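The block underneath contains the structure these notes are about, expressed in structure tokens.
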Amino acid sequence: MKPQPTNSSVNLTLLGSLYGAEFALVLIALALYKLDDRPIDAWFPSGASIALLAGVALLLVAVALIGRAYIKRTATGPHGFSFTVAMNVISLALILIPFEAALRFITHDSPDAPMFGDSALLPRSWERAVAHYGQQLAKGAGTIRAYLVYDETLGWTLGASRTSRDGFHFSSAEGVRAATPGVTLPRTTDKVRIAIIGDSFAFAEYVKFEESFGHLLDEALGPDVEVLNFGVPGYGLDQSYLKLRKEVLGWKPDVVVLGFPMHDFYRSMTIYPFINWQSWNIPFSKARFVLEQGDLRPLNLPTIHPDKMFAMSSISDLPHLQHDQGYRSDDWKSSAWDLSYVKRWVTRQFPRWSETPVRFGEAERLRLNAEILKQFVRTAEENDVVPLLVFFPLAPELELSARGTETRSQQSLKGLNMQVLDTTPCLLDAGTVDDVYLPGDPHYSALGNAAVAKCIRSALEPVLAKKEPRKPAVL
């Protein structure tokens, strides 16, 4: 005779069936999660739909085995069935509870969600974002970049007579990067005036003024040339274009240098940058152009004041969200299950399928930014200003170029059918990737800035030699 199991014996078949049922439920939940925003007629064939069918089949088998074990529980005694179930629950708890605790320990905060490495554990919280940015705005310059202020046209700009917290950055009384805070720059000059426009790369963030390529260019071109740096950290190409129209033309430059890395093309597709990048930490919105029959039409202009923006009760109350590339309504929807970081982590590993809208595709992004650049060039030339477009590669792109590989950014620049100065060769000649970038930061080091200055100088010298006296700028 077979030995009869005692009341405290574990039924291995039952235990395996319980694990199988739980795994099947997780598989079904993940499949439905991924298929949620896909039209039903597009469910098959796909990996998620196959997983859904497999999960249902496994669940049916497991439930049948569990039911069989329950019916036959008299053979082992009622407590044998209960003991096996208890072992299942305890073993899961011993796995999930430490995992939950570990996730909570190793995640770090962002303005609207906990972060696991560089990934947000969804959902994101508008209430959390409001509290974070509201606190920053209340404290003012102590918590956000002290040199940035709200602007109804540009979204944000360099404040007047400002000093950064790290002591590297100062602005003039007019809001232009300067060697000392509050210095007054003359509006008119007999010198040839060169204006620099762009984002933090043009601004030369995180290096001293004396090490910035704008200052080095100013010194290299001699006493008859003046270089003014109108760069503002965080700008997209659209903001640089608006900056030209609103402020820079009023300074009547002879030449305007627009410097940009390729991520500025993505910024042009946003209205609320803090939605797109959780490390952004700049609590302002911006204008965004859309193409209508080949013409640029601005949205969110004037921009929403941050006090009004963060007073809204829901993120869905923000206007023009459908035109922001980083907004997904599902990212901001929460449920009781989201109290678990394990649930958040698992769903983050299996992002939902979604059909990217045409307006956010690469082709549309290139068309929009190409038109912005064309309008930038046209506006400059109509005001007798020579435009110079300059491309700044990021570190991963420079590494590819060092191996002789043409980057996607360089391919995109060719597709613009415009003359753009690529600083890649100059940076490669200056040193290694580690040499020309700041340690642990995407911006150029002092050596990288020197290489950029040398590159732009070579491009400018023949332009300046042919430059005739300019006409008055038309605002």
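The values are calculated or read from the model by the stated rules, or taken from the named source; none is laboratory data. All values reported here derive from a predicted model rather than from experimental measurement. Note that we place each Cβ from the backbone using ideal geometry, even for glycine, and neighbour counts take in every protein chain shown. In case anyone asks, the SASA skips ligands and DNA or RNA and just uses the protein heavy atoms, side chains included. Shrake-Rupley method; radii C 1.70, N 1.55, O 1.52, S 1.80 Å.
Some points to look at:
- Test: residue in region 299-313 that is touching a Lys or Arg at 6+ places or on another chain (Cβ under 8 Å), in contact (Cβ under 8 Å) with a residue 24 or more places away in the chain and open to solvent by 40 Å² or more (accessible area, probe 1.4 Å): no
- Condition check for residue 245 on (1) of a type in the set (D, E, K, R); (2) in contact with a strand residue (DSSP E or B) (Cβ under 8 Å, 6 or more places away or on another chain); (3) part of a helix (DSSP H, G or I): one failure, at (2).
- Note on region 320-342: among residues that are more than 23 Å from residue 25 (Cα to Cα) and among the hydrophobic types (A, V, I, L, M, F, W, C), the one that is surrounded by the fewest Cβ atoms within 10 Å (Cβ to Cβ) is 321.
- Within region 194-236, the set of residues being open to solvent by 20 Å² or more (accessible area, probe 1.4 Å), part of a helix (DSSP H, G or I) and aliphatic (A, V, I, L, M) comprises 216, 220.
- Of the criteria (1) over 25 Å from residue 146 (Cβ atoms); (2) surrounded by fewer than 22 Cβ atoms within 10 Å (Cβ to Cβ); (3) modelled with pLDDT of 95 or more; (4) more than 23 Å from the chain's Cα centre (by Cα), which one residue 247 fails: (1)
- Residue that is farthest from residue 347 (Cα to Cα), among those in region 74-110 that are open to solvent by 70 Å² or more (accessible area, probe 1.4 Å), in a helix (DSSP H, G or I) and at pLDDT below 90: 74
- Residues within region 376-393 that are open to solvent by 40 Å² or more (accessible area, probe 1.4 Å) and under 20 Å from residue 213 (Cβ atoms), tallied: 1
- Taken over region 276-296, residues that are open to solvent by 40 Å² or more (accessible area, probe 1.4 Å) and more than 19 Å from residue 360 (Cα to Cα) amount to 2.
- Scanning region 455-475 for residues that are modelled with pLDDT of 90 or more and open to solvent by less than 50 Å² (accessible area, probe 1.4 Å) turns up 455, 456, 459, 460.
- The residue that is farthest from residue 27 (Cα to Cα), counting only those in region 343-378 that are modelled with pLDDT under 90 and small (Gly, Ala, Ser), is 363.
- Candidate set: region 399-416, residues that are in contact (Cβ under 8 Å) with a residue 12 or more places away in the chain, closer than 17 Å to residue 369 by Cβ and polar (S, T, N, Q); chosen: the one most open to solvent (accessible area, probe 1.4 Å): 410
- Residue within region 158-174 that is farther than 30 Å from residue 445 by Cα, open to solvent by 40 Å² or more (accessible area, probe 1.4 Å), at pLDDT 90 or above and part of a loop (DSSP other than H, G, I, E, B) present: no
- Filter result (in contact with a Phe, Trp or Tyr (Cβ under 7 Å, 6 or more places away or on another chain), crowded, with 18+ Cβ neighbours inside 10 Å and either among the charged types (D, E, K, R) or closer than 26 Å to residue 372 by Cβ (or both)) within region 423-447: 423, 443, 444
- Scope region 111-157; condition within 19 Å of the chain's Cα centre (by Cα), among the charged types (D, E, K, R), more than 30 Å from residue 297 (Cβ to Cβ) and at pLDDT 90 or above; matching residues: 128
- In region 117-136, the qualifying residues are those that are touching a helix residue (DSSP H, G or I) at 6+ places or on another chain (Cβ under 6 Å) and outside any loop (DSSP other than H, G, I, E, B), and the one that is nearest to residue 344 (Cα to Cα) is 119.
- Pairs with Cβ under 8 Å, 6+ apart, first in region 13-30 and among the aromatic types (Phe, Trp, Tyr), second open to solvent by 30 Å² or more (accessible area, probe 1.4 Å) and part of a helix (DSSP H, G or I): 23/58
- Scan of region 175-193 for residues that are charged (D, E, K, R) and in a strand (DSSP E or B), ordered by number: 177, 193
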